[in-house]
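Data block below; observations after.
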Number of protein chains: 2
Amino acid sequence: MIDADDADAIDAWRAQQYPRPALTVDLVVFTVLDADLKVLLIRRGEAPFRHAWALPGGFVRVGDGLADEGEDLDAAAQRELVEETGLPHGAVYLEQLYTFGRAGRDPRGRVVTVAYYALVRPDLAPLVTAGTDAEHAEWCSVAHVDRAALAFDHADILALAVDRIRGKLDYAPIAFDLVPATFSVSELRAVHEAIKGEADDPSNFRRRFRRMVEDGLIEQAPGKRITGRRPAAVYRFVRR
Amino acid sequence: MIDADDADAIDAWRAQQYPRPALTVDLVVFTVLDADLKVLLIRRGEAPFRHAWALPGGFVRVGDGLADEGEDLDAAAQRELVEETGLPHGAVYLEQLYTFGRAGRDPRGRVVTVAYYALVRPDLAPLVTAGTDAEHAEWCSVAHVDRAALAFDHADILALAVDRIRGKLDYAPIAFDLVPATFSVSELRAVHEAIKGEADDPSNFRRRFRRMVEDGLIEQAPGKRITGRRPAAVYRFVRR
DNA sequence: CCAAAAGTGTTAACAGTACACCCATGG
DNA sequence: CCATGGGTGTACTGTTAACACTTTTGG
């Protein structure tokens, strides 16, 4: 694909050396605990914004730009996720959200960040805060976070991520990444309510749920959920 | 906001100098001509991919990272749009699409690109190809583009942009950025059909159109559209 | 008069909302 | 037996898809 003509042009281009921004990925990691939407926040240990809450994230490994081309953006996000949460590789849904590059968003200089959001099943969430030291990372209620106190423009990133999952909830099966492998009808409803922030008629939700069963999106799983009240049937999401 | 502690940390950080990627913006510029969705393509004059078709785009001006912080990503996209199309500043709808940063996507080295899509009203579209030399920029039918022949990963970017506007068409008023300031019912319908790629029942479309009028989203404009057949009423979009 | 597009109306199917009600269980 | 959440049913309403139909124009 690269001929001699190309090679010359590439050399000329390399010599030019435009100024380049630093490139990071930031992660908005969600889970649902106690029927409440939570986001994972890190308390910063270094300046700037020392001791402030921030989203987890870090620099993209770019390599030397010659033999070593570095890692893909998705890989960088996945790597940061594993580093910051200790969760196994495929256990989490991860999707690019938006890229924030406002001049002045980082006092250290020009830093462009590619934001991702992640969805962690609640049965894995406790492993996160146990794995990292408890002072460092914490699941914070999205509704109660003091957004003005977040580092950098992370309040904007969080707000956009919340908007995104609210919107996607209606047409994409993202709720299944926020419940355990098997779940009852009301557990899935609790996730919808936590994301939307408002109550959902149990009967009507059940109808939509049944339609998903009929469509083969969900299937019943053996066993019952024992809750101290009447036991509920449990289901599982059918991946395709 | 920046104290002495910060300043030290910032100096230390600057000294580190992680390798950085080059950062570009690429534009997927759409219009609708002859009831067909078109995208603006540029014939490349330099290697790599010399003589191949590519999306318009260019480097983000980053500044020196000290006194000069450079331009915002949106501003860079807007600037490239003006440079490549010659259209006035506010005449075009512009929105960030996705960021592509696969290692190896550019043979010159590690180049991360923030892709934007733009919607150009058809009455302005001819100015674009007239302004730039005709060999250089061209409106190409999205349905007939030889995607395998596009430079870099621009086929992926184009595909994602088409998906995006198809999806947004159902819940966002983007079609109004692809018709002249005043338009008839069937002109707006033609835009929907061009984006969706399938016919739309004229009667049912008219019902949805009427609802938008009732909701105050659209209002009737004086005059009629003379077409050689029965004249049609014209409307305008009410910006809020 | 005819072709073609503008514009009106009707119907059946379907999905969402609100609400009433029965069932099973642990305390 | 009773409070609580699991689970069923129903009447009403609004939206959509499909299609038949009338009206107005230029040629």
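The values are calculated or read from the model by the stated rules, or taken from the named source; none is laboratory data. No experiment lies behind these values; they were computed from the predicted model shown. When we count neighbours, we look across all protein chains shown, and the Cβ atoms used for this are built from the backbone with ideal geometry, even at glycine. Surface areas here come from the heavy atoms of the whole protein model, side chains and all, with no ligands, DNA or RNA. Shrake-Rupley method; radii C 1.70, N 1.55, O 1.52, S 1.80 Å.
Details
- Placing +1 on the Cβ of every Lys and Arg and -1 on the Cβ of every Asp and Glu, with nothing else charged, gives the range A:119-240 a dipole about its Cα centre of roughly 920 debye.
- For B:Gln220, the distances from its label point to the matching points in the remaining copies are 5.7 nm, ordered from shortest, with each point set 7 Å beyond Cα toward Cβ.
- Beta bridges assigned by DSSP with both partners in chain A are antiparallel in approximately 75 percent of cases.
- Relative contact order of chain B, pairs being alpha-carbon contacts under 8 Å that are 6 or more residues apart, as %: 20
- At least 50 Å² accessible surface lost relative to isolated chain, residues of the range B:42-65 (1.4 Å probe): B:Ala47, B:Phe59, B:Val62
- Per-copy distances of the A:Leu169 label point, shortest first, in nm (7 angstrom along Cα→Cβ): 2.8
- Of all aspartates and glutamates in the structure, the ones whose alpha carbon falls short of 19 Å from that of A:Lys224, not counting any fewer than 8 places away in one chain, are A:Asp123, A:Glu187.
- Dipole magnitude for chain B: about 1480 debye, using +1 per Lys or Arg Cβ and -1 per Asp or Glu Cβ, origin at the Cα centre.
- Where A meets B: accessible area buried, both sides, 1.4 Å probe, Å²: 3800
- Subset of B:Lys168/B:Lys196; A:Lys38/B:Lys168; A:Lys168/A:Lys196 violating a 19 Å alpha-carbon distance limit: A:Lys38/B:Lys168
- Shielded residues, the range A:106-130 - accessible-area loss of 20 Å² or more between chain alone and all protein chains, probe 1.4 Å: A:Pro107, A:Arg108, A:Gly109, A:Arg110, A:Val112
- Only protein atoms count toward the accessible area here, which uses a 1.4 Å probe; on chain A, the carbon and sulfur part of that area reaches 51 percent.
- Heavy-atom surface of chain B, accessible at 1.4 Å and reported per residue (Å²): 48
- Estimated from helices alone, the mean residue ellipticity of chain B at 222 nm is -9500 deg cm²/dmol (sum of -39500 (n - 2.57) over DSSP H runs with n ≥ 4, per residue).
- Label-point spacing at B:His144 relative to the other copies reads 6.2 nm, in ascending order, each point sitting 7 Å out from Cα along Cα→Cβ.
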